[in-house]
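Read through the structure below, which is laid out as C-alpha cells, and then see the notes.
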C-alpha cells in the first residue's frame, strides 16, 4: 500500500512537469508567431553587391540576374575587383534604370553625375567604339540613367574612381579570317529587340583559315581612367569591348580565335539576361575559290633586264609556284629583278597568253618602291627609274585581291605604320612601310587629324610585335611601348595631330621614342 502512494505521488509530479513544458512551448510559439507578423515571407533575400534595377529593363526589382560582375582591366587583362560590368537590354526614355549598391540593410541608388555625357568623337581613343557612348561620374541620386534608343547596352562602373560607362552594343566579327580583315568588323545583325534575350547573327559569312575575334560597335576597349596608377609601372583602367578565347568559352580581351577550315559560316552571338553570351560558328558550305597552288607565274616584258641585256615579250622568266598561307593566300617572290625605263612588263602564267596575266591596274601597289612604277595604255608595269628590286605578288583567293610589293633589292622593311590616322587604316595587311634600319625609321605621309591614331608593327599581317605608347603620349612626341606577342597587353594608340596634313613620323626603337612633325 505504501508503494502505491509513492508511485501515485510521482505520477502527479510528472504530470505537472509535463503540463508546464507544454505551456511554456505554447508561450514561446505564440511569441514567435507575434514576432513574425512583421516579416514578409515572400520578400527575396538581396545579397550584397552592385545591381542594375529599373523599369526600362527586365529588372524592375532586385534580381540576381541584374547583379554586376567583376571583369578584367584591359591594361593587364587581369580581374580588377573594383571594375564591374553587365550587358543589359534597355528601353528608350523613362523610367530608365539605376545602379544600386547593396551592403547589408543599406541600399544606395546611383545615377548620372554632373559630368556624365556623350563622349565627343574627337575625344575618343581610336580603339574605342565608333558610336556615341556615355562616360563620366556617377552620384547618389534618384535620377535614373536613360538611353535614347531601344537596344543592348554595356554598363560598366569602377567603384574606386567612381566612373561609369554606358555603351550601345552592336556585335561584329573581325580578324584575318573575316571579309574585313583586321581593318573593319563584319556586322552581326540583331534579330529584333527583347529585354531578356537578343540574338546577333550573320549567314553565309566567308571565313578563311585564320583567326578572328568578336567585338562590339567597332571598338576594342573603353577607357575609364587613362592615368590611374596600378603599380608596377602599369597605368590606366580600361574595359574590354571584345571577346576572344573560343566560341564555347568567350573571354573578355582573350586570345584570337582560330578558324580551322575555310568556308561559309553562320555566326551567332546570343545574349541572355543573367547568363551572358553564347556564341556559335557553324560551317554551312564550302568556298567557291580559285586554287592557285599549281599556278606558275613569272615576269615577261621589255622593261626587264637579264644579264645586262633588255628582255622581251616572248619568254617568261622566274616562273614559280606560290607559297600558300592559310589555304587561301598565295605568294610568289621574285628577288633581284632588274628593270629599265626602256620598256614595261607584266606577270604571266606559263609561256603564252592563253592563261592568266596580271598588270599594273590589277594590283594594289605596296612597298618602299611602289612609287617607282606607273602604267601605260596596255596596263603594264612601267618603271620610272632603272633599278634592282625584290618583288612579291600576293593573291587573296577569297576576295581575289592582288597586292604587288616592291622594295629595293636586299632591303627588307623592318617597320610599318598603320591606324585610322593614315591611309592604311587598321588593316595590318596594308600597313605602310617605313624607311630605315637598325632602330631608326621614318616615313612622310598624310595623317587624318584629330580623333585618329597610329601604331607600328614589324610584320605585315601580324599584330605583334607592335609599338604603341602610354598615357603620357602627345601628338608630337612620346615614349614607345613594345608588345612582343598578341598575348601581351595592347599598348595605347599614338594620337595624330589635330590638323590634317603631311607629316614626318620618326620612330627610334633604340631609345623607345617617337616624334611627329609637319613635313617641310
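The values are calculated or read from the model by the stated rules, or taken from the named source; none is laboratory data. Source: prediction; values computed, not measured. Cβ placement follows ideal geometry from the backbone for every residue including glycine, while neighbour counts extend to all protein chains displayed.
As a summary of the residue check, residue 231 satisfies the conditions (1) free of Cβ contacts under 8 Å to residues at least 40 places away in the same chain; (2) over 29 Å from residue 460 (Cβ atoms); (3) buried (at least 22 other Cβ atoms within 10 Å of the Cβ) except for the one numbered (3).
Considering the conditions (1) surrounded by 16 or more Cβ atoms within 10 Å (Cβ to Cβ); (2) over 23 Å from residue 464 (Cβ atoms); (3) touching a residue at least 40 places away in the same chain (Cβ under 8 Å), residue 291 is excluded by exactly one of them, (1). Among the residues of the stretch 198-221, those identified as in contact (Cβ under 8 Å) with a residue 60 or more places away in the chain, part of a strand (DSSP E or B) and on the phi < 0 side of the Ramachandran plot are 198, 199, 200, 201, 202, 203, 205, 206, 207, 214, 216, 221. Of all residues in the stretch 499-511, those that are closer than 19 Å to residue 479 by Cα, in contact (Cβ under 8 Å) with a residue 40 or more places away in the chain and not in a strand (DSSP E or B) total 2. On inspection, residue 449 fails the criterion of being within 19 Å of residue 392 (Cα to Cα), surrounded by fewer than 23 Cβ atoms within 10 Å (Cβ to Cβ) and assigned by TED's automatic domain parsing to the domain that holds residue 493.
Considering only residues that are closer than 30 Å to residue 281 by Cβ and either surrounded by fewer than 21 Cβ atoms within 10 Å (Cβ to Cβ) or modelled with pLDDT under 95 (or both), which ones fall in the stretch 156-169? Answer for the stretch 156-169, where residues must be closer than 30 Å to residue 281 by Cβ and either surrounded by fewer than 21 Cβ atoms within 10 Å (Cβ to Cβ) or modelled with pLDDT under 95 (or both): just 168. Just one of (1) in contact with a strand residue (DSSP E or B) (Cβ under 6 Å, 6 or more places away or on another chain); (2) surrounded by fewer than 19 Cβ atoms within 10 Å (Cβ to Cβ) fails for residue 120. It is (1). Residue 254: modelled with pLDDT of 95 or more and surrounded by 19 or more Cβ atoms within 10 Å (Cβ to Cβ), yes or no? So residue 254 fails the test.
So that you can scan it fast, the table gives a plain yes or no per residue for (1) under 16 Å from residue 369 (Cα atoms); (2) within 20 Å of the chain's Cα centre (by Cα); (3) surrounded by fewer than 18 Cβ atoms within 10 Å (Cβ to Cβ):
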position	(1), (2), (3)
404	yes, no, no
442	yes, no, yes
482	no, yes, yes
495	no, yes, no
502	no, no, yes
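Scanning the stretch 320-366 for residues being in a loop (DSSP other than H, G, I, E, B) and either surrounded by 17 or more Cβ atoms within 10 Å (Cβ to Cβ) or in contact (Cβ under 8 Å) with a residue 24 or more places away in the chain (or both) gives a total of 15. Among strands (runs of 3 or more DSSP E) entirely within the stretch 52-117, having at least 2 residues that are touching a strand residue (DSSP E or B) at 6+ places or on another chain (Cβ under 9 Å), closer than 21 Å to residue 243 by Cβ and without any contact (Cβ under 8 Å) to a residue 60 or more places away in the chain singles out 69-73, 78-90.
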